[in-house]
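In what follows, a single structure is set out as structure tokens and then discussed.
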Ligand code: ZN
């Protein structure tokens with residue numbers, strides 16, 4: 001669904017304010033932004049707050065680079081649902097003649113990258129994707145909880161400073177029986193509420209859907225919403241009228257358990273769920289709500305961020 005023109009106007013104006021304040025640094029490509037030192041410092045503090053909220057779970061920490069095994073990507077069926085968002089990695093492996101042709105293409109301004117073959121990796125579309133093959137097999141009795149953080153790529157160029165093509169997702173991923181997953185989700189629903197309250201953001205929870213591609217995607221959207229498989233915590237960034245998702249809670253049922261061969265200790269296909277904190281978006285929501293002068297943020301917000 002295309003955003004309302006009034007939303008885009010507000011988003012561009014807010015992006016320009018963020019750039020003028022030195023919080024974001026434009027690169028010439030819509031949705032690709034550098035981050036200034038203070039923005040990054042605030043983001044690190046938000047990340048540390050997520051750590052504190054999940055600390056009692058004793059999650060297994062895993063960190064992966066922002067590139068994903070292409071075989072994992074194929075197996076995940078991402079291309080079935082979101083071909084429009086995917087980013088693939090290609091590289092040169094030709095001879096001298098091919099090299100000359102490549103340089104000629106650059107000079108002539110043609111699509112020189114078109115002839116580069118793909119590599120064994122793609123850009124990571126969501127922080128939890130590398131986790132599923134890493135936990136394949138039989139789970140311990142209590143299942144697993146994994147803590148991940150990664151830059152993610154989505155090809156959706158936009159002037160909205162909250163819709164970046166590359167951004168960080170901090171996730172907790174639950175891999176367990178349906179009952180264990182349900183109880184974990186309830187815990188995080190409460191924690192997400194406490195998290196936004198601690199930051200004093202005007203947030204609310206909504207039933208949501210992913211941007212599934214094409215005609216078949218319409219059915220998937222209806223199914224996802226009917227079964228309440230995805231919730232988002234939204235807060236104002238570019239606009240109060242059209243708030244932006246800053247946290248998402250996703251229930252994949254047995255989708256990944258089935259695709260990657262993950263089973264519970266009684267032999268059933270594992271269910272999975274993840275909660276993703278959009279670190280740039282939460283940081284942006286803080287600047288939107290409390291202003292660009294961090295020293296004047298409310299005492300409570302400053303305290304939980306260690307400012
Ligand atoms: Zn996830």
Point to revise | Simple label model, 7 Å out from Cα along Cβ direction - residue 134 to residue 17, nm | key: 3.8 nm
Practice item. Show that you can apply the helix-only estimate: for the chain, add -39,500 (n - 2.57) for every DSSP H stretch of four or more residues, divide by all residues, and state [θ] at 222 nm to the nearest 500. Key: -11500 deg cm²/dmol
**Study point:** GNM top mover of 121, 148, 233 - the chain, alpha-carbon springs below 10 Å
**Key:** 121
Practice item. Treat the count of other C-beta atoms within 10 Å as a stand-in for reagent exposure and order 89, 304 from fewest to most. Key: 89, 304
Practice item. Would you order 128, 274 from fewest to most other beta-carbon atoms within 10 Å of each residue's own beta-carbon? Key: 274, 128
Review point. Pick from 198, 98, 55: which residue has the top mean-square fluctuation in a GNM of the chain where Cα pairs under 10 Å get a spring?
Key: 98
Review point. How large is Rg over Rh for the chain, taking Rg from the Cα atoms and Rh as the Kirkwood inverse mean of 1/r across Cα pairs?
Key: 0.99
Check your understanding: In what sequence do 33, 62 fall when counting other Cβ within 10 Å, fewest first?
Key -> 62, 33
**Study point:** Cα convex hull of the range 79-167 - mean projected area over all directions, nm²
**Key:** 9.4 nm²
Practice item. Arrange the peptides 168-181, 11-24 so that the one whose residues have, on average, the most other Cβ atoms within 10 Å appears first. Key: 168-181, 11-24
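Any read-out appearing in this document is the output of simple, stated calculations on the displayed coordinates, not a laboratory observation. Note that the structure is a prediction, hence the values are computed from the model and not measured. Cβ atoms come from the backbone with ideal geometry, glycine included; neighbour counts cover every protein chain shown.
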